[in-house]
Amino acid sequence: MERRSLLRHSFNISLITLLSRLLGLVRVRLEAVVIGGGAVASGWFFAFSLPNLFRRLLGEGALGQALIPLVAEAEAKGGIRQVKRELAVIFAWLGAILGAIVVVLSVAAYLVRALTQDATTGYFAQSHVQIFLYFVPLLMPYAFFMCFTGAITSVLNYAKVFVLPALGSLLLNFFMIGGLYAILRGKFQSDDLIVNLRLLSHLVLLSGAVQLTMMAVILIRYRRFPAWKERHLVNGKEVLRKLFKILLPGLGSGALIQLSFLVDRAIATAVGPQAVPALTYVDRLIDVPIGIFAVSLSSVLMASMSRAAARGDHGEIVSELIYSLRQVFFISIPMAVVVIFFHDTMLRLLCFGGRYRAADLAAAQTVAYFYGAAIPLFCAMKVIVPVFLARKKMLTTFYVSLIAITLNIILNLILMHPLKQGGIALATLGSTMISLVILVILLVREGFEIPFGQIALSFCRTTLIAVAVAFIVLSTGWMRCHLEWSWSRQFGLFLASGVLFGILYLVFAVIARSPEIRELGSVLKRKNAAK
C-alpha cells in the first residue's frame with residue numbers, strides 16, 4: 001500500500017472517529033452532571049467496563065487481529081467463497097462462546113449481589129461494589145453485540161472497507177446522549193438515579209443491536225456474509241485449528257492487557273469511591289487523541305502489513321512503521337502537551353456541575369498529568385503492535401504483556417498509597433513505556449533496521465515546538481478562568497486558546513521544516529483534487 005494511500009485511509013477514518021470522540025465528550029459531560037463522581041458513578045463505570053473488556057479482547061482485539069491474516073489466507077486459496085465458509089464456522093463458535101460468557105457472568109453477579117445485599121436498605125443505599133453487581137447483568141449482553149461487530153469490522157477492513165464500519169461507532173454515543181439528556185430533563189418519570197440508569201442500560205443494548213444489524217448488512221453488501229450450511233460447520237475443525245493457533249497467543253496477550261485494566265479499576269475501588277470515576281473521565285479525555293488518529297491508523301496498518309508479511313517484504317513493513325510513528329508523534333505530542341498544561345480547564349468544562357463536585361474535580365487532576373504524558377506512548381503502541389501481529393507473532397506480544405501487567409500491579413501497590421488514583425495512572429505510564437522499549441528491542445534483534453535518529457529527531461522537534469507554543473499561550477493569560485464564570489464563557493476562552501495553540505503549532509512546524517506537515521498537506525491536496 002502506497003504511503004499516501006495508507007495515510008489517506010487513516011485520515012478518512014479519523015474524521016469519523018473525531019466525530020465519535022466529540023460526541024463522546026458530550027456524553028462524558030452529561031454523565032458527569034447526571035451521575036457525578038461518587039459511589040453510583042463508580043459502580044456504573046466498573047460494570048460498563050466488563051462488556052467493554054470483551055469488546056476490546058474479542059471484538060477489536062485478539063479475534064479481530066487474528067481474522068485478518070486468516071481471511072487473507074482463505075481468499076488466496078479459495079476466493080470469496082472460501083472466506084464465507086470459514087467465517088460461518090468462526091461466527092457460529094463465537095456466538096456460542098459469547099452467549100455462555102454473558103449468561104455465566106450475569107448469573108454470577110446476580111447471585112453474589114443477592115447473597116451480600118443488606119435486605120434492610122436495598123440496592124439504592126449500597127456501596128459502589130453492590131451497585132456494580134446490580135448493573136452487570138443489565139450491561140453484559142452488550143458484549144455479545146460488540147464482539148460480533150468488531151469481528152465483522154476486521155473482515156471488512158481487509159476488504160479495504162474502512163469508512164462504513166467506522167460510522168457504526170457513532171451509535172452508542174447517540175443513544176447514550178439521548179438517554180442522559182432525558183434523565184437530566186426528567187423525562188424518565190423518576191427521581192431515583194439507579195432506576196434511570198437501568199433504563200439507560202436498555203438504550204445501551206439497543207444501540208449494540210442496531211450497530212450489529214448495520215454491520216451484517218454491510219457484510220452482505222460486500223459479499224462476505226457467512227455461508228450458513230451445516231456441512232461447513234461440521235467440517236470446520238481445520239478452520240478452528242488455524243484460528244486458535246493464531247488467536248490463543250494474542251488472546252492471552254489481550255487478556256493480560258484487559259486484566260491489567262480491571263486490576264487498575266479494582267485497586268481504584270480500594271482507594272475510594274472517587275477513584276474509578278476520576279480514572280474513567282480522564283481516560284475518556286485522552287481517548288480523543290488516541291482514537292482520532294492512532295487507532296484509525298492501526299486498523300489500516302494491520303491490513304497493509306499483513307499483505308507485506310505474506311510477501312515477506314520486511315522493508316515495506318519498516319517503511320510503514322517509521323512513517324506511521326512520525327505522523328503519530330506529530331499529532332499526539334501536541335495533544336499530550338495540551339492535556340498536561342490545560343487539564344484543569346478541560347476537566348472543569350467537561351465534568352464540573354450537577355452531581356460532579358469540586359472534590360471530584362481535584363481527584364481527577366493528578367490522573368490527568370500522568371495519563372496526558374502517556375498519550376504518545378499509547379499511540380506508539382497502536383502502531384508497533386501490528387508489526388508483530390501481521391507476522392503472526394502473537395506469542396511475543398503475550399510475553400511482553402505478561403511483563404507489563406506484572407510491573408503494573410507492582411507499581412500500583414507501591415504508588416496507590418502516596419498518590420492514590422494518580423499512582424494508578426503513573427503505574428500505567430511506567431508499564432507502557434517498558435513494554436514499548438521491549439518491543440522495539442525485539443524488532444532490532446529480528447533484523448529490522450530502524451532509523452532511531454530519524455524518529456528521535458522527529459520526536460524532539462515536535463515536543464519542543466508543542467511545549468514552546470504552550471508557554472506562549474499560557475503567557476497570554478487567556479486560560480486563567482474561574483469557577484464563578486459561566487460555562488459558555490469558560491468554553492469560549494478555551495476554544496480561542498485551542499485555536500491559537502493549533503495555529504502557532506502549525507506555523508512553528510512550517511518554520512522548523514517538519515516533513516510531517518508536508519506529508520499531511522500532500523494528502524489533503526490529493527483529496528481535494530479527487531473531488
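Restricting attention to the range 85-104, the residues being at pLDDT below 85, over 16 Å from MET146 (Cα atoms) and either open to solvent by 60 Å² or more (accessible area, probe 1.4 Å) or touching a strand residue (DSSP E or B) at 6+ places or on another chain (Cβ under 8 Å) (or both) number 1.
When the residues of the range 326-347 are filtered to those that are touching a Leu at 6+ places or on another chain (Cβ under 9 Å) and of a type in the set (Phe, Trp, Tyr), which remaining residue is surrounded by the most Cβ atoms within 10 Å (Cβ to Cβ)? The qualifying residue surrounded by the most Cβ atoms within 10 Å (Cβ to Cβ) is PHE330.
Please determine, by comparing only the residues of the range 260-282 that are over 22 Å from LEU25 (Cα atoms) and aliphatic (A, V, I, L, M), which one is surrounded by the fewest Cβ atoms within 10 Å (Cβ to Cβ). This residue is ALA270.
Determine whether the range 111-132 contains at least one residue that is modelled with pLDDT of 85 or more, touching a helix residue (DSSP H, G or I) at 6+ places or on another chain (Cβ under 6 Å) and surrounded by 23 or more Cβ atoms within 10 Å (Cβ to Cβ). Yes, that holds for at least one residue.
If you check SER401, SER435, SER431 for being of a type in the set (Ser, Thr, Tyr), part of a helix (DSSP H, G or I), at pLDDT below 85 and open to solvent by less than 60 Å² (accessible area, probe 1.4 Å), only one passes: SER401. Taking each residue of the range 68-85 that is over 11 Å from ARG224 (Cα atoms) and looking for partners that are of a type in the set (S, T, N, Q) and surrounded by 14 or more Cβ atoms within 10 Å (Cβ to Cβ) with beta-carbon atoms closer than 6 Å, six or more apart or interchain, yields ILE68/SER154; ILE68/SER306; PRO69/SER306; ALA72/SER306; ALA74/GLN82. Quick check, is VAL400 out of contact with any Pro (no Cβ under 7 Å at 6 or more places or on another chain) and over 25 Å from ALA266 (Cβ atoms)? Considered against the rule, which asks whether it is out of contact with any Pro (no Cβ under 7 Å at 6 or more places or on another chain) and over 25 Å from ALA266 (Cβ atoms), VAL400 comes out as no. Return the total of residues in the range 210-250 being open to solvent by less than 40 Å² (accessible area, probe 1.4 Å), within 26 Å of the chain's Cα centre (by Cα) and modelled with pLDDT under 75. The number of residues fulfilling the criteria is 5. With respect to being open to solvent by 40 Å² or more (accessible area, probe 1.4 Å), part of a helix (DSSP H, G or I), free of Cβ contacts under 8 Å to residues at least 24 places away in the same chain and β-branched (Val, Ile, Thr), THR406 fits the description.
Residues that are aromatic (Phe, Trp, Tyr), assigned to a helix (DSSP H, G or I) and either under 20 Å from ALA336 (Cβ atoms) or open to solvent by 60 Å² or more (accessible area, probe 1.4 Å) (or both) do occur in the range 371-379, at least one of them. When the range 348-368 is filtered for residues that are modelled with pLDDT under 85, under 18 Å from PRO273 (Cβ atoms) and either acidic (Asp, Glu) or crowded, with 21+ Cβ neighbours inside 10 Å (or both), the ones remaining, listed by number, are CYS351, TYR356, ASP360, LEU361, ALA363, ALA364.
The values are calculated or read from the model by the stated rules, or taken from the named source; none is laboratory data. The shown structure was predicted, so the numbers you read here are calculated from the model rather than taken from an experiment. We place every Cβ from the backbone using ideal geometry, glycine too, and count neighbours over all the protein chains shown. Side chains are part of the model used for accessible areas, which takes the heavy atoms of the whole protein and leaves out ligands, DNA and RNA. Shrake-Rupley method; radii C 1.70, N 1.55, O 1.52, S 1.80 Å.
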